[in-house]
Amino acid sequence: MPLPKTPQPRIQIQAVEPIVDCGRYPIKRTVGDRVDVYATVFKDGHDTLTGAVRVKGPGDKAWSEEPLQPLGNDRWGGTFTPTRPGRWQFAVAAWTDRVATWQEEIRRKVDAGQEDLSGELAEGAALLGRESVTVEEGLAAWPVERHDEAVS
């Protein structure tokens, strides 16, 4: 079987809901009624994924985002609420969170009682653009950096 000319994206977003007749018709909600959005999101490897529901109301030029929450088994969910009448658009976006992936690696090794974390801390320092990082600093909250972003 011949290989595709362009490689498949590393992050897959499938089975986005709600949907009516395979997307032929728009879903309907009343102003103030919450729209629950679900999707199957996965990626090769063990990197940590993060995602959002992108929303654009009637007349808006920019998209706003509401976070997606993992529901288990590669299913994610998020919500938005229309605040005025008209045609609203939504999409699901997902990306690799390299800092969260590194933090999970540190967390697992600390929980397992591993004492020499010099390699992981050097990796974290390079990732965060710092001279050095302690375990405590590494496990603190850091801004999300988006890599390999996909939208569906």
In percent, what relative contact order does the chain have, based on Cα pairs under 8 Å that are 6 or more apart in sequence?
25
Checking ARG75, ARG108, ARG54 against a Gaussian network model of the chain (alpha-carbon springs below 10 Å), the top fluctuating residue turns out to be ARG108
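Apply 1/(1 + (r/R0)^6) to the Cβ-Cβ distance of ARG75 and ALA112, taking R0 = 30 Å, and write down the FRET efficiency to the nearest 0.05.
Numbers: r = 29 Å, r/R0 = 0.95.
Approximately 0.55, to the nearest 0.05.
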Counting heavy atoms of the protein chains only and a 1.4 Å probe, report the per residue accessible area for the chain as a whole number of Å².
66
Cα Rg, Dmax (largest Cα-Cα span) when computed across the stretch 49-122, Å:
18.3, 58
To the nearest 20 debye, what charge dipole does the chain have about its Cα centre, counting +1 at the Cβ of each Lys and Arg and -1 at the Cβ of each Asp and Glu?
1180
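Can you show me the helix-derived [θ] at 222 nm for the chain, built from DSSP H runs with n ≥ 4 at -39,500 (n - 2.57) apiece and divided by the number of residues, rounded to the nearest 500. Working shown, then result.
On the way: 3 runs with 30 residues, N = 152.
The helix-only estimate for the chain comes to -6000 deg cm²/dmol at 222 nm.
Would the stretch 1-145 count as rounded, prolate or oblate if I go by the C-alpha gyration tensor, calling it rounded below 1.5 in a/c and otherwise prolate when a/b exceeds b/c, oblate otherwise?
Values: a/c = 2.61, a/b = 1.87, b/c = 1.40.
Prolate shape, in that a/c is at least 1.5 and a/b is the bigger ratio.
Could you work out the relative contact order of the stretch 1-85? I mean the mean sequence separation of Cα pairs under 8 Å and 6+ apart, divided by the number of residues, in percent.
Working: 127 pairs, mean separation 26.1, N = 85.
In percent, rounded to a whole number, it is 31.
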Find how much the distance from LEU3 to THR101 grows on full extension, using 0.36 nm per residue of separation minus their present alpha carbon separation; answer in nm with one decimal.
32.2 nm
Among PRO82, PRO58, PRO18, residue whose mean-square fluctuation peaks in a GNM of the chain (springs only between Cα atoms under 10 Å)
PRO58
Simple SL model, points at 7 angstrom along Cα→Cβ for SER132 and HIS147; separation in nm is 2.4
Per residue Cα convex hull volume for the stretch 18-71, in cubic angstrom?
135
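The values are calculated or read from the model by the stated rules, or taken from the named source; none is laboratory data. None of these values were measured; they are calculated from a predicted model. Glycine gets a Cβ as well: all are built from the backbone with ideal geometry, and neighbour counts include every protein chain shown. Heavy atoms of the whole protein, side chains included, go into the accessibility calculation; ligands, DNA and RNA do not. Shrake-Rupley method; radii C 1.70, N 1.55, O 1.52, S 1.80 Å.
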